[in-house]
Amino acid sequence: MTRTRPGKALAHRFVAGEKLDEAVIVASGLNADGMKVSLDLLGEEVHDAVSARAACDEYLACLDRIAEEELDANISVKLTQLGLSIDEGLAVESIGRLSDRAEEMGTTVTIDMEDSRYTDATVRIYEKVQTDRGNLGVAIQAYMRRTPDDLQRLIGLGGHIRLCKGAYVEPEEVALTSKSEVDAAFANQLRTLMNATTTAPAVATHDQGLIDLTRTLASRREGYFEFQMLYGVRTTLQAELVAAGYPLRVYLPFGSQWYPYLTRRLAERPANAWFFARAAFGN
Ligand SMILES: Cc1cc2nc3c(=O)[nH]c(=O)nc-3n(C[C@H](O)[C@H](O)[C@H](O)COP(=O)(O)OP(=O)(O)OC[C@H]3O[C@@H](n4cnc5c(N)ncnc54)[C@H](O)[C@@H]3O)c2cc1C
């Protein structure tokens, strides 16, 4: 990994490596431990069509490897990495290509949710491509004030909806900002999703209270749902959930563009800066 040594050392805690080969090795190990995987090629905010097409090609190669290695894995994609901020049509075309290849490989594609500049387009594109293809999922952020309406709009489309708290700094007009409000919104949206028969909820949190609530709701649910957690975060809890028989998918990032991802993980848990400091002093 490029950039400074401490950043690199910390990145290894949360990122599989820079190359697809490294991600495949880590994914195989997670599968052997009973965990599903979502491979995320790091990258966002691509500003030229050549880079956007290259990212799509890399994801196609990733899907090929998932099939060759018989991994229990899907892919997670950011629309700005596929060119959303320069040409919405290009992003739609690329997500369609990925969806088609994933269908051939018997797997799915999840669209990550980015910051609020892109929420409207992401919901619109998901709605269109999921209606056409049927093997997509989308992340929905509990902190967004618009989310209850988006859930009503998307919940009937099949596919999977990944409920997460939201990782970007947003203005108060568009997003809840206090932890208690975000947690309460997550709990309400979780109830809606776990009661729905038309979607497969993916509960993406490391929050003990919300995991306990999910387990309670799961005991009354007939259809599929899964837990999702980030690679390197609360790994003991991940193993405990698998041992208890719950499906769990690990979000596994790889690639050279790890810096923005790492910055968001640090913001979520300032204690992670301790690992950064230790690495800086060579421990
Ligand atoms: C699978 C997955 C996919 C995601 N996809 C998106 C997406 O598409 N868009 C988006 O905006 N956000 C996404 N997120 C991030 C999410 O929005 C939150 O920012 C992040 O998960 C932290 O919230 P939390 O629910 O874990 O609860 P928190 O209240 O933040 O954390 C609960 C506990 O989990 C542990 N923890 C949480 N984060 C960390 C960390 N980084 N390092 C170490 N320990 C930690 C701590 O013990 C903490 O007390 C995703 C998260 C997951 C798990």
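Can you tell me which of (1) surrounded by fewer than 17 Cβ atoms within 10 Å (Cβ to Cβ); (2) touching a residue at least 12 places away in the same chain (Cβ under 8 Å); (3) among the polar types (S, T, N, Q); (4) within 12 Å of the ligand (Cβ to nearest atom) is the one SER180 doesn't meet?
Of (1) surrounded by fewer than 17 Cβ atoms within 10 Å (Cβ to Cβ); (2) touching a residue at least 12 places away in the same chain (Cβ under 8 Å); (3) among the polar types (S, T, N, Q); (4) within 12 Å of the ligand (Cβ to nearest atom), only one is false for SER180: (2).
Would you check if there is a residue in segment 199-214 being within 12 Å of CYS164 (Cα to Cα), surrounded by 16 or more Cβ atoms within 10 Å (Cβ to Cβ), at pLDDT 95 or above and more than 12 Å from the ligand (Cβ to nearest atom)?
Checked against the condition, which is being within 12 Å of CYS164 (Cα to Cα), surrounded by 16 or more Cβ atoms within 10 Å (Cβ to Cβ), at pLDDT 95 or above and more than 12 Å from the ligand (Cβ to nearest atom), segment 199-214 yields at least one hit.
Checking ALA167 against (1) at pLDDT 95 or above; (2) closer than 17 Å to THR122 by Cβ; (3) near the ligand (Cβ under 9 Å from one of its atoms), only one condition comes out false. Which one?
Going through (1) at pLDDT 95 or above; (2) closer than 17 Å to THR122 by Cβ; (3) near the ligand (Cβ under 9 Å from one of its atoms) one by one, ALA167 breaks only (1).
Would you be able to tell me the number of residues in segment 111-132 that are surrounded by 22 or more Cβ atoms within 10 Å (Cβ to Cβ) and more than 14 Å from THR80 (Cα to Cα)?
2
Just the residues that are more than 18 Å from the chain's Cα centre (by Cα) and polar (S, T, N, Q), please, taken from segment 171-213.
Result: THR177, SER178, SER180, ASN188, THR192, ASN195, THR197, THR198, GLN208.
Name the single residue that is nearest to VAL15 (Cα to Cα) among those in segment 227-241 being within 12 Å of the ligand (Cβ to nearest atom) and open to solvent by less than 10 Å² (accessible area, probe 1.4 Å).
Only one residue tops the list, namely MET229.
Out of the residues in segment 140-159 that are open to solvent by 20 Å² or more (accessible area, probe 1.4 Å) and either in contact (Cβ under 8 Å) with a residue 60 or more places away in the chain or in a helix (DSSP H, G or I) (or both), state the one that is farthest from ALA187 (Cα to Cα).
LEU157
State the number of residues belonging to segment 40-90 that are touching a residue at least 24 places away in the same chain (Cβ under 8 Å) and within 16 Å of GLU103 (Cα to Cα).
Residues that pass the stated criteria total 17.
The values are calculated or read from the model by the stated rules, or taken from the named source; none is laboratory data. Everything numeric here is computed off the predicted structure, so don't read it as measured data. Because the Cβ atoms are built from the backbone with ideal geometry, glycine has one as well, and the counts that use them run over all protein chains shown. Surface accessibility is based on the protein's heavy atoms, side chains included, excluding ligands, DNA and RNA. Shrake-Rupley method; radii C 1.70, N 1.55, O 1.52, S 1.80 Å.
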